[in-house]
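Novice: Provided herewith is a single structure, encoded as structure tokens, for subsequent inquiry.
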Amino acid sequence: MTSFSWKTALGTALAGAALVASSPALAEQPIKIGGIYLMSGSAATYGEFAKQGATLAIDEVNADGGVLGRQLELKLEDGQGKVAVAIQAARKLVYQDKVDLLMGIDSSGVAEGLVPVVPELGKPFMITHAATPAATGRLCNKYTFRDGTYVAQQMAGAAAVAADTDAAKWTTIGPDYAFGHQTWEYFSKYLKERNPDVQIMDDAAAFPKFGAEDFTPFISSVMAAKPDGVMISLWGGDLVNFVRQASKLGFFEQGFTNIYAVGAATEVLTALGEQMPEGQWLATRYWYDAWDTPMNKKFVADYKAAWGHPPSYNAEQAYMAIYAFKAAIEKAGSVDADKVIAALKGLTIPAPFGDMHFRAGDNQALIGPTIGLSGPMHESDGIRTLVQIRNFDGADVTPPVDPDCKM
């Protein structure tokens, strides 16, 4: 008769536990990614494009076997463009939905409110849209990364374009929150560095409330100031409304040199169609027809096949967030937050526009904007083309790490 052994029983139990932990059933649990975007209101198309870009990447990854043998799953929340709502959504995704990773945020103001909360959540967070310098600057933390251009990078390119024009007097019209004011600040700074003789007309700057429906008084005040050039940082539904109202008021007949901070957003160009005038300098963080690379051709073709229209910059940046997470998880061999963060830091991966590199000092991707003149309508895509395209190298337009960034 064999006597009972606690040691044997414990060993058997531990072996059984290890078998369960390594079982296919556990390995089949999805890796959950939580996204927070504008899914309602005048800028909801941005959230929809981000959803489409992320979904395309996830479908591709899952069809190829997933990551570490596990499928990816996307859970979306509507941030509504409000700090409190976005923070609540992030906490729900982490504590209730048990996501492993976070991504999103369209508004710079919302990003500035959410980023300081991210360390509390303890998950890697990829900003794919919001452009405030503070997110990877004075508010930086080890959890927060950004795979899109931010205001300083965007305006370094815009200033280079502006300096090559004959416009000597510049003012702006932009949303009355972080993005609008920071865009004007950086554009003025970089343009003055390139051309000290240029006149910055701060007294004529117009900052309507984000989501305003009537831009008439702001358009009229800018026209009355008689600038040579106007930096326009309105976006989403605001930009659509501005262009339509400005056309009726004769704004585009004044001979201004107009540069739009994010005017080449396909969401906006689709809504406007031929209403977007030709000859406008439209900047963007990614332009689907600006890169003759195999990866870009495949991405654009697959995106059009899936969704019936060309990808926006927000779609591409959401798409690349998924692939950045994939690369980091595979490098780490785990979804453990600290290991994924360590793998993301300094990571370089291929992207439609070329290699994308996350700077170790602040977790900011070194990416430059694309800027071109609005040209003839693209017959099949139904939006303005870009001509005289200039692609800026991220290394050339990215300032040094903010000394206030302390990780």
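The values are calculated or read from the model by the stated rules, or taken from the named source; none is laboratory data. Just so you know, these numbers come straight off a predicted model, no measurement behind them. Methodologically, a virtual Cβ is constructed for each residue, glycine included, from the backbone with ideal geometry; neighbour enumeration extends over all protein chains shown.
Novice: Being more than 18 Å from the chain's Cα centre (by Cα), surrounded by fewer than 16 Cβ atoms within 10 Å (Cβ to Cβ), assigned to a helix (DSSP H, G or I) and touching a residue at least 12 places away in the same chain (Cβ under 8 Å) is the requirement here; does residue 396 meet it?
Specialist: So residue 396 fits the description; yes.
Novice: Which pairs do you get when a residue that is in contact (Cβ under 8 Å) with a residue 24 or more places away in the chain and surrounded by fewer than 24 Cβ atoms within 10 Å (Cβ to Cβ), found in the range 35-49, comes within reach of a residue that is outside any loop (DSSP other than H, G, I, E, B) and of a type in the set (A, V, I, L, M, F, W, C), reach meaning Cβ atoms under 8 angstrom, with the pair 6+ apart or on two chains?
Specialist: These pairs meet every condition: 39/76; 45/271.
Novice: Within the range 15-34, which residues are surrounded by 14 or more Cβ atoms within 10 Å (Cβ to Cβ) and at pLDDT below 90?
Specialist: none
Novice: Something else now. Residues to consider are 264, 246; find the one that is in contact (Cβ under 8 Å) with a residue 24 or more places away in the chain, buried (at least 22 other Cβ atoms within 10 Å of the Cβ), among the hydrophobic types (A, V, I, L, M, F, W, C) and touching a strand residue (DSSP E or B) at 6+ places or on another chain (Cβ under 6 Å).
Specialist: 264 is the lone residue from the list that is in contact (Cβ under 8 Å) with a residue 24 or more places away in the chain, buried (at least 22 other Cβ atoms within 10 Å of the Cβ), among the hydrophobic types (A, V, I, L, M, F, W, C) and touching a strand residue (DSSP E or B) at 6+ places or on another chain (Cβ under 6 Å).
Novice: Out of all the residues in the range 60-105, which are of a type in the set (Gly, Ala, Ser) and part of a helix (DSSP H, G or I)?
Specialist: 63, 84, 86, 89, 90
Novice: In the range 347-363, which residue that is hydrophobic (A, V, I, L, M, F, W, C) and either more than 17 Å from the chain's Cα centre (by Cα) or more than 13 Å from residue 148 (Cβ to Cβ) (or both) is surrounded by the fewest Cβ atoms within 10 Å (Cβ to Cβ)?
Specialist: 360
Novice: Of all helices (runs of 4 or more DSSP H) completely enclosed by the range 252-359, which ones contain at least 1 residues that are assigned by TED's automatic domain parsing to the domain that holds residue 181 and in contact with a helix residue (DSSP H, G or I) (Cβ under 8 Å, 6 or more places away or on another chain)? Working first, answer last.
Specialist: Working: elements: 266-272, 294-307, 313-332, 337-344.
Those helices (runs of 4 or more DSSP H) span 266-272.
Novice: Mind checking whether some residue in the range 126-148 is more than 22 Å from the chain's Cα centre (by Cα) and either part of a helix (DSSP H, G or I) or surrounded by 18 or more Cβ atoms within 10 Å (Cβ to Cβ) (or both)?
Specialist: Checked against the condition, which is being more than 22 Å from the chain's Cα centre (by Cα) and either part of a helix (DSSP H, G or I) or surrounded by 18 or more Cβ atoms within 10 Å (Cβ to Cβ) (or both), the range 126-148 yields no hits at all.
Novice: Right, residue 113: among the small types (Gly, Ala, Ser), surrounded by fewer than 24 Cβ atoms within 10 Å (Cβ to Cβ) and at negative phi or not? Write out each step before concluding.
Specialist: Numbers: among the small types (Gly, Ala, Ser): yes; surrounded by fewer than 24 Cβ atoms within 10 Å (Cβ to Cβ): yes; at negative phi: yes.
Against the criterion (among the small types (Gly, Ala, Ser), surrounded by fewer than 24 Cβ atoms within 10 Å (Cβ to Cβ) and at negative phi), residue 113 qualifies.
Novice: Let me ask something else about it. Out of everything in the range 203-220 that is in contact (Cβ under 8 Å) with a residue 24 or more places away in the chain and in contact with a strand residue (DSSP E or B) (Cβ under 9 Å, 6 or more places away or on another chain), what residue ends up being surrounded by the fewest Cβ atoms within 10 Å (Cβ to Cβ)?
Specialist: 207
Novice: Which is part of a helix (DSSP H, G or I), under 20 Å from residue 402 (Cβ atoms) and assigned by TED's automatic domain parsing to the domain that holds residue 393, of 157, 109, 180?
Specialist: Every option except 157 fails the conditions.
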